[in-house]
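Report on the following structure.
Derivation of every value follows stated rules applied to the coordinates shown; laboratory data play no part. A quick note: this is a predicted structure, and the numbers were derived from the prediction, not measured. Note that we place each Cβ from the backbone using ideal geometry, even for glycine, and neighbour counts take in every protein chain shown.
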Amino acid sequence: MTLHLKMDDRDDRYRLDDMVQGLVGTPTDRPEGKLKVSGKASYAMDVLPDDVCHGVLVRATITHGKLRDLDTEAVRALPGIRTVITGKRMLRNPAQGMAGKAPVQGSDDIAYFGQPVALVVADTLEQARHGALALRLTLEAKGDAVVNPHDPDASVEMPKKEQVLIGDLDEAMKKAAFSVDQHYTTPGHSSAAMEPHASVAHWHGDSVTLRGSYQMLAYNKAELADALGISEKNVRILAPYVGGGFGAKLGISPEAVAAALASKELGVPVAVSMTRQQVFETTMRRSETNQRIRLAADENGLLTGIGHEALVSNLPGEDFSEPVTQATPFLYRGENREIVHKIARIHRTCAGSVRAPGEAVGLTVLEIAMDELAEKAGIDPVELRKKNIPDQDPTDQIPFSSHALAEALDEGARRFGWDKRNPKPRSTRDGEWFVGMGMASAVRVNMLIESKARVTLSADGRAMIETDMTDIGTGTYAILGQIAGEMLGLPMEDVETRLGDTEFPPASGSGGSFGAASNGTAVLLGCEEIRRQLCKKLNCEDADMTLKGGYAIVGNKRIALRDVLDGDTLVGEGHVQPGKAEKKVRQATYGSYFAEVGVNSVTGETRLRRMLGVFAAGRILNAKTARSQCLGGMTFGIGMALTEELIHDRRDGHMVNHDFAEYHLPVNADVPQIEVVLLEERDEWANPLQAKGIGELGICGAAGSIVNAIYNACGVRVRQLPATLDKVIDGLDEAT
Amino acid sequence: MNPFEYTRAASRHEAATMAAGGATVIAGGTNLLDLMKLEVMTPERLVDISRLDMDDIETTADGGLRIGAMVRNSDLAAHEIVRSTYPVLSRALLAGASGQLRNKASTGGNLLQRTRCYYFYDTAMPCNKREPGSGCQAIGGATRLHAIFGASDHCIATHPSDMAVALQALDAKVEIENATGDIRTVELESFYRLPGNTPHIETELKPGDLITAVIIPPAKGSRQTYRKVRDRASYAFALVSVAGVIEMSDGKIAHASLAFGGVAHKPWRNAEIEQMLLGEAPSQDLFRRVADTLLRNAEAQGDNAFKIKLLHRTLCAVLTELTEG
Ligand SMILES: Cc1cc2nc3c(=O)[nH]c(=O)nc-3n(C[C@H](O)[C@H](O)[C@H](O)COP(=O)(O)OP(=O)(O)OC[C@H]3O[C@@H](n4cnc5c(N)ncnc54)[C@H](O)[C@@H]3O)c2cc1C
Ligand code: SF4
């Protein structure tokens, strides 16, 4: 039986708070943790069939044009080569998140440098790799390829629904007692997940099974079927473990389709793993952004106007555009508001979702501008933000579901020792280092996505969860087990969670921070259904039944679940869909960051000294995995602030630093002590768990706190991220 | 990776003979294997020297040090005499790569590691160093890593080694054995070449030459440091680096040797500035003049313009540190 819920209204039953197993919220270990740290969790390429062949993708080495010919004969003559795949089904780039259909296909038309145009398949990986590098392509370049978003020849779109105009911002700027009008840039970023995109495809008759590294299997199944021109019924995807995704594995990628095509042709399983360089070049990048922020405030620092303009880029024909301004309409007050969103069509690697699309870069920049306003107005940055928290969403004029920004700001300031900060830049020195503190707000929109899960309570009193949900390192195995254990009164070890198989009920998938809440709700509903069946057996109302430690307690009776079941197996399916609730209220998660940096007075090198994040995301399902998400998010923020930047050659747009040696992720030495505080909160508008997403919150605005700390340390305002030393060094002269 | 034959050399002679016949030497493999996977280097034969008896560190008759070519970077950095007498070397080694890489990387291999120019690593790009005569795609492109000294119209790459910069400041020599068993030593200064119009020829090594050791004379100064400036706190190549060896006597500079990394096709040294420092009392004014002189002929390549100011400031700070107290 299925219990269905459409989230049209608040759910104030607080079901989890009625339960007594005591699992939800606790810092429970991941059940699969031991497998992972001992190398036994099997990622996409970890279980290869004996007769597997290996494929390696071949890249186009022009920016825009046609593939006229491939010298496959010469390559087929090399040792071990089995076939060369190319043609109209090859993917130009990965599918965008939740597309559910194939992206642009065909190897004839080349739209960016590095586009995969062929797959060379051989008996061994080494042979395939050599063959791929040896394959000679006849390419015809079009001379007009625009590769820079600022190129006057770039075609620029302004989608109507992305633009907002309320009141008169120009007028507000004129009248403002204090104002900021500045331009900022953020570079492209890569998700750079530890496990590269990889797929092992194997056909049985008309059906293909793909073992891959993907985030959203229900959608990926549809995308793969569409790309191959077969029925969804004939596609099965397995992804029991995923070594990180961060958005780059939302949609099916070129290697999956190529592996399936090759396997079909050869009649053997084919494994294709991208090289690190290919992960950079042919999976999603976060678009670079050019932003302008205008802030107008009255003499008390109350905002009267906010303007946020963004120019982002993508390939022609891609419907994703980095939603830079997503949180600007509702974060701060101000009667006059203007949002301008532009997309330049350029020939660079496809742009798509990278952890917290929108707020990651948009809020970061807004928070730098807020720091500039605080400086101008002579108001403490924490105070300025608190003053400007609106009572309701000032754009859509709807109430907030729950809102803990003020609390996060206060709590963070108190714990960090913000009162010790001297607002005057360059007032603290430690030897050669200028030391400074900065802060920023955190905000991320909250989403609920349709999701299903099946819960089975077998006669032996153990429960099993089945859903095609993924665990991309976030802790899904843990939290789903906790929810079911809580609802059914079972210890963790009596709940088995099976994920990552499209034979199971379709889930939301992992993305947009919505996985835990959406799929967790499906599990909760499935458990409610089982509880209903148990009540029937016990002839009682749910309110009179307590489940704990494998026992049902009704009145003064305590009966083992096994005895209640009496040989029966109960099945409950949960199905949640988003509904009107998301239109009635503004749902978002909030938080604050506090950072202390040292800026070297000789070289301009910035080193983070300590950092604190305080976050509120509704009910915290697992204090340990939630904290880990925040730590990871803040680490992304450190990279964004200080080191990470995709460099594109200005002439042909190709990605110059497509490896870990030169795309500088923060290493251990760049990540000092980070403290995470999770605030107690419930959001009854979000879902029956009262939980909101936390996977991305920790990156949203994080970089802003670091860049603001650089200003406080040395008086140099960096508006072009990342704040590498070359952006700081010129401003240091005044210091020495 | 193209197919290759692999031989583990039984003797130096065998290794040199094979190398003379066209085989490529592999030591720790930390650079060579990466380049082979990308087919930037495509040797058909590899001769492995990693088991040869070249991993001793011995004191020489004149009180210097002889470091076998197979001494691992970790072992060299941790060596008692290196830490006490040549701290600049120890620091430079520890500033490079990561613990795992240093455990593998050899002294000879470190000297001969190839440039990290982005375009050199991408076989789709013209590069005179990889494919003589094909052009230099770095010029006019992304040049954050590139040279401000000694570049040519054919190549603007830098040498990435930290260790070599320290060795340069220590007046090290390279000991080389060839297939006929002849042993010669070459000053590090003349061992490396500037790119000129043959950027693919990086050193004075001839086919069949095997580096057997690096020899450093007794330290000429007890005040030593290696300062590396980079884009993240660890695990990044130098944007600029300064190796300094100074001796003070009666408040005056009695010896100064300075070498610079991340700025040229080889560890950079400038005799004129060392001369300027000799016999002088330290002062900020002196240091600034020295840095001005060093950078007089520096030439930016676009993205790397900041290196000029950065090196100026870093040099002044290093000189201040080494002459204080
Ligand atoms: C991610 C990464 C980061 C790094 N960061 C740094 C850094 O910050 N600073 C730094 O200095 N280095 C850095 N390195 C480079 C590292 O120091 C070198 O890869 C290493 O020193 C090379 O030594 P090896 O023994 O492994 O050489 P190999 O890779 O074996 O050989 C390198 C070259 O030397 C030749 N060769 C080796 N030994 C001899 C010999 N005895 N005679 C003749 N020819 C020989 C080989 O033929 C080959 O051409 C980094 C490397 C990596 C992969
Ligand atoms: S700078 Fe040198 S190594 Fe780089 S592309 Fe030019 S020739 Fe090649």
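The 3J(HN,Hα) values that the Karplus relation (6.51, -1.76, 1.60; θ = phi - 60°) gives for segment B:220-233 are, in residue order, 8, x, 9, 8, 9, 7, 10, 10, 10, 10, 8, 7, 9, 5 Hz. Gly and Pro appear as x. The DSSP beta bridges internal to segment A:275-381 are antiparallel in roughly 40% of cases. For chain A, averaging the sequence separation of C-alpha pairs within contact (under 8 Å, six or more residues apart) and dividing by the residue count gives a relative contact order of 18 percent.
Counted over segment A:444-544, the DSSP beta bridges are approximately 50% antiparallel.
Per-peptide packing, taken as the mean over residues of other Cβ atoms within 10 Å, places B:147-154, B:58-65 in the sequence B:147-154, B:58-65 from highest down. In this structure, the amide hydrogen of residue B:45, modeled 1.01 Å from its nitrogen in the peptide plane, lies closer than 5 angstrom to those of B:5, B:24, counting only residues at least 5 positions away or on a different chain. How large is log10 of I(q)/I(0) for chain A at q = 0.06, 0.07 Å⁻¹ when the intensity is taken from the Debye formula with one equal scatterer per alpha-carbon? Here the Debye-derived log intensity ratios amount to -0.37, -0.51. Taking amide hydrogens as placed 1.01 Å from N in the peptide plane, the amide H of residue A:676 sits under 5 Å from those of A:613, each at least 5 positions away in sequence or on another chain. Taking the Cα centre of segment B:11-80 as reference, the dipole from Cβ charges on Lys and Arg (+1) and Asp and Glu (-1) amounts to some 220 debye. Using θ = phi - 60° in the Karplus curve 6.51 cos²θ - 1.76 cosθ + 1.60, the 3J(HN,Hα) couplings for segment A:710-724 round to 4, 4, 5, 6, 10, x, 9, 9, 9, 10, 10, 7, x, 7, 6 Hz; x is entered for Gly and Pro.
Comparing Cα centroids, segment A:311-387 and segment A:75-112 end up 34 angstrom apart.
When only Cα pairs below 8 angstrom with a gap of at least 6 residues are kept, segment B:147-252 shows a relative contact order of 27 percent. If both residues of a DSSP beta bridge must be in the protein assembly as shown, then about 75% of such bridges are antiparallel.
Every Cα-Cα pair of chain B was included, and the share exceeding 25 Å stands at 50 percent. Remark on residue A:336: its backbone amide H falls under 5 Å from those of A:305, A:306, a criterion applied only to residues 5 or more positions apart or on other chains, H modelled at 1.01 Å from N. Karplus-based coupling profile of segment B:108-115, in residue order and whole Hz: x, x, 4, 4, 9, 4, 8, 4, with θ = phi - 60° in 6.51 cos²θ - 1.76 cosθ + 1.60 and x standing for Gly or Pro. Averaged over the residues of A:56-62, the number of partner chain Cβ atoms lying within 10 Å of the residue Cβ comes to 1. In chain A, helical runs assigned H by DSSP with n ≥ 4 each contribute -39500 (n - 2.57); averaged across all residues and rounded to the nearest 500, the mean residue ellipticity at 222 nm is -7500 deg cm²/dmol.
Ranking A:502, A:27, A:2 by how far each Cα lies toward the positive end of the dipole of the protein assembly as shown (charges on Cβ) leaves A:27 at the top.
Take every pair of alpha-carbon atoms less than 8 Å apart whose residues are at least six positions apart; their mean separation over the length of segment A:435-575 yields a relative contact order of 33 percent.
When the charge dipole of segment A:599-736 is built from unit charges on Cβ atoms (+1 for Lys and Arg, -1 for Asp and Glu) and taken about the Cα centre, the candidate among A:690, A:637, A:603 whose Cα reaches farthest toward its positive end is A:690. Taking every residue in B:229-242 and counting other chain Cβ atoms within 10 Å of its Cβ, the average works out to 6. Per-peptide packing, taken as the mean over residues of other Cβ atoms within 10 Å, places B:184-192, A:622-630 in the sequence A:622-630, B:184-192 from highest down. Averaging Cα coordinates gives a centre for segment A:686-736 and one for segment B:93-134; these two points are 33 Å apart. Round to a whole angstrom and tell me the spacing of the C-alpha centers of segment B:150-211 and segment A:544-623. A separation of 60 Å, based on Cα centres. Dipole magnitude for segment B:46-153: computed about the Cα centre from +1 point charges on Lys and Arg Cβ and -1 point charges on Asp and Glu Cβ, it is near 420 debye.
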